[in-house]
Amino acid sequence: AMRQLEALALVVRCFESDAYPYDRPEIDVAKDMEDLVSAFQVADFMMVENRIDKLEKQVLKPTKTQDQDKKELAVLIKLKGVLEGGSSIDDVALNDAEEELIRGFGFLTQKPKLVVLDLPDEGADEAALRALVPDGIDHVLAIRGSIEAEIASLDPADALEFMADYGIERPARDRLVAELYGLLGLHSFLTA
């Protein structure tokens, strides 16, 4: 299902709370992001490897698609090498024909990504946490999840006052939508 998505939003927890157990002794934002990126690389590698296995048998038989299959195989072998080296598919320079050959795969490492840093209510060094975001991820949004949940539960007048107390100009929901629009290059046009 993730392969059909146009972009990925990766929510990374940056706070400790007894109410929400954590699988490591302490919060490790860098490791969490590294694990997410690695999981995408492994998923893409497995897909590439399975398709290569199938194509290596298929190209030996004369078929109507044999030439196309050989071209696809060559691109996938290139991608496999990149993934084995620990890089992502979006790091590979592909020409238009190669892009067309792999378009249907929906590679996770090729999708645009937004990292959402879920900060504690106070005390987090946002700049230091942003510095932990891996290269290649251009969009980062820092939110304070518990405060934003409280804002969402208030009526609009109270929410505005609450936001003013915390110096929040727009709710996280609005900022998230704006970041995703920017990530995907989308615009909304309202007509009257």
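For segment 161-183, what are the residues that are part of a helix (DSSP H, G or I), within 25 Å of D138 (Cα to Cα) and out of contact with any His (no Cβ under 9 Å at 6 or more places or on another chain)?
Listed by number, the residues that qualify are A172, R173, D174, R175, L176, V177, A178.
Going by the conditions given, is Q4 of a type in the set (S, T, N, Q), within 30 Å of L176 (Cα to Cα) and open to solvent by 90 Å² or more (accessible area, probe 1.4 Å)?
yes
Would a scan of segment 86-98 turn up a residue that is touching a strand residue (DSSP E or B) at 6+ places or on another chain (Cβ under 6 Å) and of a type in the set (A, V, I, L, M, F, W, C)? Before you say what the answer is, go through the steps one by one.
Restricting attention to segment 86-98, the residues satisfying the condition of being touching a strand residue (DSSP E or B) at 6+ places or on another chain (Cβ under 6 Å) are none.
Looking through segment 86-98, none of the residues is touching a strand residue (DSSP E or B) at 6+ places or on another chain (Cβ under 6 Å) and of a type in the set (A, V, I, L, M, F, W, C).
Hey, could you check segment 102-143 for residues that are open to solvent by less than 60 Å² (accessible area, probe 1.4 Å) and among the basic types (K, R) and say which is farthest from the chain's Cα centre (by Cα)?
K111
Please work out if D35 is touching a Phe, Trp or Tyr at 6+ places or on another chain (Cβ under 9 Å) and in a helix (DSSP H, G or I).
no
Those residues that are polar (S, T, N, Q) and assigned to a loop (DSSP other than H, G, I, E, B), I need them from segment 54-82; list them, please.
Across segment 54-82, the qualifying residues are T63, T65.
Among the residues of segment 44-58, which ones are open to solvent by 30 Å² or more (accessible area, probe 1.4 Å) and at pLDDT 95 or above?
F45, M46, M47, E49, N50, R51, D53, K54, E56
The values are calculated or read from the model by the stated rules, or taken from the named source; none is laboratory data. Every value quoted in this text rests on a predicted model; they were computed, and no experiment measured them. Note: ideal-geometry Cβ built from the backbone for every residue, glycine included; neighbour counts use all protein chains shown. The accessibility values were calculated without ligands, DNA or RNA, using every heavy atom of the protein model including side chains. Shrake-Rupley method; radii C 1.70, N 1.55, O 1.52, S 1.80 Å.
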